[in-house]
Each structure stands twice: as C-alpha cells, then as structure tokens.
Amino acid sequence: MFCIAEDYDRTKALALLKSQRIDKILLGLFAIAKRDSDSKFAQEICIEYSTHPNEVVRGEALKGFATIVWENRPIDVEEVMRILSEAVNDTGYRGLCARSAIECIETYLSTEDI
C-alpha cells in the first residue's frame, strides 16, 4: 500500500506523525507498525492514533495491530482485541479496518502452531 524505506528510522517516522499531513501520518504509522523493533512502542502508537480525528488514520492505526502481529512481534492481545472489538461496529472505514485486523490476527494466531 505504501512505499517505505529499507532502513527504518524511528525519529523520521515520528516526524512524519507530527507533520499533520494525512499522507505523511499514514506513512509514519505503517513504518512504525512494520519496522519498529519495540512492539510495545508500535502498539502504543497504534493505540494513540486509533482515536485520531481523521477516520482513515484511525482505521490504518487499527490495521497496524495486525501488521505488528504478522511481523512476528508480540502485542497485548487482550488490550488490542478490546480496542478492535469496540471499533468493529462502526459503520465507516474504522469499522471495516477493525474487522479486517481481527480476522488477520485470529488467522495468524490459529496458524502459528502449524
């Protein structure tokens, strides 16, 4: 969906988040979810941006949880699933992303033992 640099730089990703431009915020979110070695930090960023005023940013932050899991990094499943479950009934993009993230996480967790 997005092009990201091969070498990840947390400082640059955080600068993208602070830019207040939706396109840059989305790039920063994706880079952090996909590349940050500290999954707790990545999870906290996704939690923070899941309440952003822009619906697309909120949705992509929710999808970030699935990205963290698919990159084989641990998350607090109880907390993340609680957040996703609260968003799943939204009729807009946020709800769509929450449903997608839940499905991805459940699929990953069910195939992890294979």
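The values are calculated or read from the model by the stated rules, or taken from the named source; none is laboratory data. Every value quoted in this text rests on a predicted model; they were computed, and no experiment measured them. FYI the Cβ positions are ideal-geometry reconstructions off the backbone, even for glycines, and counts take in every protein chain you see. Side chains are part of the model used for accessible areas, which takes the heavy atoms of the whole protein and leaves out ligands, DNA and RNA. Shrake-Rupley method; radii C 1.70, N 1.55, O 1.52, S 1.80 Å.
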Task: Boolean, Ser50 is small (Gly, Ala, Ser) and open to solvent by 40 Å² or more (accessible area, probe 1.4 Å) - done: no
Open item on the list: Take Thr11 and tell me if it is open to solvent by 60 Å² or more (accessible area, probe 1.4 Å) and in a loop (DSSP other than H, G, I, E, B).
Closed with: no
TODO: Would you mention how many residues in the stretch 17-40 are open to solvent by 50 Å² or more (accessible area, probe 1.4 Å), out of contact with any Ser or Thr (no Cβ under 6 Å at 6 or more places or on another chain) and not in a loop (DSSP other than H, G, I, E, B)?
DONE: 8
Open item on the list: Quick check on this structure: which one of Asp76, Asp90 is buried (at least 17 other Cβ atoms within 10 Å of the Cβ) and farther than 20 Å from Gly28 by Cα?
Closed with: Asp90
Task: Selection from the stretch 60-80 of residues that are outside any loop (DSSP other than H, G, I, E, B), of a type outside the set (Gly, Ala, Ser) and in contact with a helix residue (DSSP H, G or I) (Cβ under 7 Å, 6 or more places away or on another chain) - done: Glu60, Leu62, Lys63, Phe65, Thr67, Ile68, Val69, Trp70, Val80
TODO: Just need a number here: residues in the stretch 2-22 that are at negative phi, modelled with pLDDT under 95 and not small (Gly, Ala, Ser).
DONE: 7
Open item on the list: If Gln43 meets every condition in (1) open to solvent by 50 Å² or more (accessible area, probe 1.4 Å); (2) out of contact with any Cys (no Cβ under 6 Å at 6 or more places or on another chain); (3) closer than 18 Å to Glu106 by Cβ; (4) at pLDDT 95 or above apart from one, which number is that one?
Closed with: (1)
